[in-house]
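The values are calculated or read from the model by the stated rules, or taken from the named source; none is laboratory data. Just so it is clear, the model here is predicted, and its values are computed rather than measured. Virtual Cβ from ideal backbone geometry, glycine too; neighbours counted across all protein chains shown. Heavy atoms of the whole protein, side chains included, go into the accessibility calculation; ligands, DNA and RNA do not. Shrake-Rupley method; radii C 1.70, N 1.55, O 1.52, S 1.80 Å.
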Amino acid sequence: MDIQLLLLTIVVSFILAVIAAPLLIPLLRRMKFGQQVRDDGPQSHLKKIGTPTMGGIVILLAFTLTFLKFSAIKNTDFYVLLVATLGFGLIGFLDDYIKIVFKRSLGLTARQKLFGQLLFGAIMSWLLISNDHSTAIGIPGTSWSFDWGGWFYYPFIIIMMLAISNAVNFTDGLDGLLSGTSAIAFAAYAVVAIQATSLPAAVCAAAMIGAVLGFLVYNAHPAKVFMGDTGSLGIGGAIGAIAIVTKSEILFIIIGGVFVIEMLSVVLQVASFKTRGKRIFKMSPIHHHFELSGWSEWRVVITFWAVGLLLAGLGLYLNKGL
């Protein structure tokens, strides 16, 4: 596989994002597409009110242009990756737009968001079925796999896409947190894609690395722009699709361990409060718990990046014995 092509993809995507962000930020500010902050959150977040959001448009734009440009192979994997990233990104865009323009704090209803995620998950499944995609699921670090057929696999990957996109979405709560952790995850999946000899997945990962790092230039603390659900759901869609086309579905639990922890913290918090009337964490997702425990925002972000890097390394070690 052409490593120079992947490096060029990263560089071009990075440059596009760095150029596009300062053009979009003033436009978002003039349109009053500003961030809303939870009243029960850390008091330090109040100063974030009004910071332009929906910056995920920059990520999706840089990704799309470079992915289309440098993808020499336009096969089923290519279209699955494109549908997942832009489809889930579109759901996030509609959610952000409704929140801001129509002053609805929750954006799309839960049913509307679920319908959109199921729709694009179903389109992905249809594309994979038409190409006789393997329905076997491998166990990381072993030679074991199991294949319960399409009746199990395709509902499984649709649920997987729902879980991953929402887990990634939960992680987007601090300046640079998701940009950094997703860049690390995409870097790991670029290696996985190379091992799986899937050029479209490798180019997709490379395009996303450049896009999120370019966005991080403006999203690092103190953030000048937030990605919103436009970016976080698009990123989640891309990570989930790469895991599926490279046949590393279970490996996401390790490489995307930070996202899994974030989602579990929300699930456990809600379950504990509903069953016992008590909270496990001071606030969920768990990055807010550490903030309310006295950690600075930057310390939380750096720590989560470090954990993400360790988990990515572990995932690569387990993947095919690397």
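What the table shows:
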quantity	calculated
Residue among Leu128, Thr64, Thr246 farthest towards the positive dipole end of the chain, charges placed on Cβ	Thr64
Percent RCO, i.e. relative contact order, over segment 90-180, from Cα pairs under 8 Å lying at least 6 residues apart	19
Stretchable slack from Leu23 to Ile73, in nm (0.36 nm times residue separation minus alpha-carbon distance)	14.8 nm
Mean accessible surface per residue for the chain, computed with a 1.4 Å probe while every protein chain stays in place, in Å²	45
Segment 223-286 shape via C-alpha gyration tensor axes, a/c threshold 1.5	oblate
Label-point separation in nm, Ser143 to Thr197, each point 7 Å along Cα→Cβ	1.9
Computed accessible area, Ile239, all protein chains, 1.4 angstrom probe, square angstrom	0
Pairs of lysine residues in the chain - Cα separation under 23 Å, sequence separation of 8 or more or cross-chain	20
